[in-house]
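Participant: This is the structure, below, for whatever I ask next.
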Amino acid sequence: MGFLDGLRRGRESEFDSGSAATNSIQLTKRHSQVSLTKQGAATGNLRINLSWRMRTSDIMGTHRESLLRHPFKALKPPEVVGHSQSMVNVDLDLGCLYELQDGTRGVVQPLGGFLGDVNGPPYVKLSGDDRFGSASGETIYVNLDHKDAIKRLLLFAYIYDQTPAFDRTHAIVTLYPSNGPRIEIGLDERHPQARSCAVLMIENVKDEILVRREVKFVYGFQGELDRLYGWGLQWGRGHKSKAER
């Protein structure tokens, strides 16, 4: 398995109601699926955002001052801050494996510059590559006005270059449908050595658009996710150039 997988060009139900105050649905292991069709949100552009942050205790390491010398520090919660380049080299990427009804398969991801197209096939587009976990994060748009052309979409996240493990980045993927509450999926399960995570599947099942939580961590990269879900693409070793970063 390569350091990162880059696609070789030319080959290509139930849910938690969430909080009324936050107007969100949290997909969990127990309640893992929601129908966009049933909530009247299977049209327009579906916005899918990946954001992350870290505690300063994670950034600075695991060393803690003695509680005997500073007993009140135990009562103070760890500070949560956004990433910056000066703090730590953090780079999570958001991608999407797609399969259309006509059998076309491929990937949308920052690596390799496969940014997609929202108005033409695959009707999936990545807005850009956020290297440091800014407030905007990374965003993929899915044009559900063309849902009849879409068979399935696997949204995934992967760690690029010396980034701490998923359980230290406090990553969250949020879907913003055209109607109804946003949908949230946290990636905070403890898998210290995992480099990639299949986050969610969007499927067109008998003209119903379903969103299903996956949250399956793997120790490889896109090629391993491909094999896990049977996409059948060909992958090779890849990296980001300075321009892509």
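The values are calculated or read from the model by the stated rules, or taken from the named source; none is laboratory data. Since the model is a prediction, treat every value here as computed from it, not as a measurement. Neighbour counts run over all protein chains shown; Cβ positions are idealised from the backbone, glycine included. For the accessible areas, the whole protein counts, side chains as well, though only heavy atoms, and no ligand, DNA or RNA atoms are used. Shrake-Rupley method; radii C 1.70, N 1.55, O 1.52, S 1.80 Å.
Participant: Here are ASP161, ASP188, ASP148, ASP167: which of them is at pLDDT 90 or above and over 17 Å from CYS96 (Cα atoms)?
Facilitator: One residue alone meets the criteria, ASP148.
Participant: Could I ask something else about it? Within region 171-202, work out how many residues are closer than 17 Å to GLN222 by Cα and either in a strand (DSSP E or B) or touching a Pro at 6+ places or on another chain (Cβ under 6 Å) (or both).
Facilitator: 6
Participant: Return yes when SER134 is closer than 18 Å to ILE48 by Cα, surrounded by fewer than 19 Cβ atoms within 10 Å (Cβ to Cβ), over 14 Å from the mean Cα position of the chain (by Cα) and modelled with pLDDT under 90 and no when it is not.
Facilitator: Considered against the rule, which asks whether it is closer than 18 Å to ILE48 by Cα, surrounded by fewer than 19 Cβ atoms within 10 Å (Cβ to Cβ), over 14 Å from the mean Cα position of the chain (by Cα) and modelled with pLDDT under 90, SER134 comes out as yes.
Participant: Sticking with this structure for a sec: Filtering region 22-53 down to residues that are among the basic types (Lys, Arg) and farther than 16 Å from GLY180 by Cβ, which residue is surrounded by the most Cβ atoms within 10 Å (Cβ to Cβ)?
Facilitator: ARG53
Participant: Could you check GLU203 against (1) open to solvent by 10 Å² or more (accessible area, probe 1.4 Å); (2) in contact with an Asp or Glu (Cβ under 9 Å, 6 or more places away or on another chain); (3) under 18 Å from VAL118 (Cα atoms); (4) at pLDDT 95 or above and say which number it fails?
Facilitator: Among (1) open to solvent by 10 Å² or more (accessible area, probe 1.4 Å); (2) in contact with an Asp or Glu (Cβ under 9 Å, 6 or more places away or on another chain); (3) under 18 Å from VAL118 (Cα atoms); (4) at pLDDT 95 or above, the lone unmet condition for GLU203 is (2).
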